[in-house]
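Here's the structure, in structure tokens; my notes come after.
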Amino acid sequence: MRITNRIVTEKYLRSVNNIAVELDRLNNQVTTGKKFTKVSEDTPAAVKAFQIRKDIARVEGYKSSVQHANGMLSNAESSIMKVQELLHDSREKIIQGLNGTQSSEEREIISTHIKNLQQQMLQLLNSNSADVYYFGGNSVRQEPFSVAEDGSLQYRVKDGDDYRWIKLKDLATEDNPATANKDESALYKELMNSGLFVDIGMGIRSENIPPSPSPSAYVDRNSVFTYTLPGIEITGVGTTTSEITGKQVSTNIYDLLGEIADSFASSEYTYDETNELFGFLFGWEKEQLPHAIRVSNQYLADGVTLNPEYNISDADYDVQLDRTDPAFVQSKYDNLVALYENIAAKHIAGTAQSVQFAITNVGTKMQFLNFVKDSLDTRELDNLTQQQNTELVDPAKAIIYYESQKVAYQAALAMGSQVIPMSIFNYMS
């Protein structure tokens, strides 16, 4: 009989203890709002919760990278827009200088103004924030641009563990026949693909490029986001051959502005040569064609006012030419007409257009970042929903379960007097 009572007592105490443990668990759920506080309470849910938390942290990192990249691109866009404004200002000054009524002193003043714009452009090309140069390519911790001894613009490039300067006019593109240096063409491609990059959740990968001792050091650029721009994308590079002088002319915005300024200030100034440089700078845009091939005032008959929007195919235009003027050279006039016909037949991409392309490129990058940010926001919301479903309890249900368990516990305690035999100690006060 004693053995039976002891078994009943042990079972009762065990049951009460289990009810008390469950009551404590439910009490924790009510007070903390979490389904479990230890992995042992729900191992599968805990593993899933850790995975969700890991992805939430990863998404937060991606969003931080997107915000940083977007800020850098916004600053870079502002600088490029200012470069474009400088070009608009210089365009007006150059057209003013090409006017045949300008004296040498007035052209000298215009030359000085263009030189000042050129210096401002150099400062913008070296724009930086937090010691990172927007247009540094693979040299973002140091000024990417400087002026060589001959006055031409040069670009800092990484060469192994060191850096060196290379003049923009010495860089070659694959479609630039003016420079046959294939090594520089390969360098140009490398520089155009350089820049700082961040992981924004595109599935970063490594490229196995033997014989590298550490292949993982090479990142597949298609799996990351590059947020700095190579400055040569904005300026243009290489050279072209002058139709008038036969000389090599730099095809970057900085050098061309300098050459135009020097041409205006030269005692041997000629309209044709300067106008050709103007065409190289602005890419022979359609609205600038009349200026680019405009015949000098000295070719027109006395009393004829030059109309910048004239049409040389108009029969009346040819009548206006004063072919009896000793200054009129038929061969030079024919060259200008031929130049016009070539330009009209084939659009030539100029360096001013490279600035516009860079603005478009930055805008495209920022649009992509906005798309990525929206995707990350959606992903974060999904993760938070999963986390809530996995880790958190419904407060109303938790309270109901807790109160029900509390009633069960109190009922179990009340049954104790009937299950556990009374002893003399129960009557002792």
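The values are calculated or read from the model by the stated rules, or taken from the named source; none is laboratory data. Keep in mind the model is a prediction, meaning the values are calculated, not measured. Note: ideal-geometry Cβ built from the backbone for every residue, glycine included; neighbour counts use all protein chains shown.
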The correct count of residues that are surrounded by fewer than 18 Cβ atoms within 10 Å (Cβ to Cβ), of a type in the set (D, E, K, R) and either closer than 19 Å to Ser354 by Cβ or in contact with a strand residue (DSSP E or B) (Cβ under 8 Å, 6 or more places away or on another chain) (or both) in the stretch 237-258 is 1
Flagged pairs (Cβ under 8 angstrom, 6 or more apart or on separate chains; first in the stretch 186-197, farther than 16 Å from Glu143 by Cβ and in contact (Cβ under 8 Å) with a residue 40 or more places away in the chain; second in a helix (DSSP H, G or I) and not hydrophobic (A, V, I, L, M, F, W, C)) are Met192/Glu233
Flagged in the stretch 134-172 as in a loop (DSSP other than H, G, I, E, B) and over 22 Å from the mean Cα position of the chain (by Cα), in numbering order, are Ala148, Glu149, Asp150, Gly151, Ser152, Gly160, Asp161, Leu171, Ala172
Filter the stretch 267-310 for residues that are at pLDDT 50 or above, among the polar types (S, T, N, Q) and over 30 Å from Gly231 (Cα atoms); the one that is surrounded by the most Cβ atoms within 10 Å (Cβ to Cβ) is Thr270
Checked pairs for the stretch 117-131, first under 14 Å from Ser146 (Cβ atoms) and free of Cβ contacts under 8 Å to residues at least 24 places away in the same chain, second surrounded by 12 or more Cβ atoms within 10 Å (Cβ to Cβ) and hydrophobic (A, V, I, L, M, F, W, C), C-beta under 6 Å and 6 or more apart or across chains, list as Asn126/Phe145
Take the conditions free of Cβ contacts under 8 Å to residues at least 12 places away in the same chain, in the same structural domain as Glu233 (by TED's automatic domain parsing) and not in a helix (DSSP H, G or I) and apply them to Glu92. Does it pass? no
One residue is enough: does the stretch 59-66 have a residue meeting the conditions exposed (fewer than 15 other Cβ atoms within 10 Å of the Cβ) and within 30 Å of Ala261 (Cα to Cα)? no
| query | Are any of the residues in the stretch 105-126 modelled with pLDDT under 90 and touching a Phe, Trp or Tyr at 6+ places or on another chain (Cβ under 7 Å)? | reply | no
Within the stretch 95-121, residues being aliphatic (A, V, I, L, M) and either farther than 20 Å from Leu256 by Cβ or touching a Ser or Thr at 6+ places or on another chain (Cβ under 8 Å) (or both) number 3
- prompt: Can we say Ser74 is touching a residue at least 60 places away in the same chain (Cβ under 8 Å), under 27 Å from Met192 (Cα atoms), in the same structural domain as Thr226 (by TED's automatic domain parsing) and surrounded by fewer than 18 Cβ atoms within 10 Å (Cβ to Cβ)?
  reply: yes
Condition check: touching a Ser or Thr at 6+ places or on another chain (Cβ under 7 Å), under 23 Å from Met121 (Cα atoms), modelled with pLDDT of 70 or more and of a type in the set (A, V, I, L, M). Does Ala148 satisfy that? no
Residues of the stretch 160-188 being closer than 18 Å to Ile253 by Cβ, modelled with pLDDT under 55 and out of contact with any strand residue (DSSP E or B) (no Cβ under 7 Å at 6 or more places or on another chain), in sequence order, are Asn176
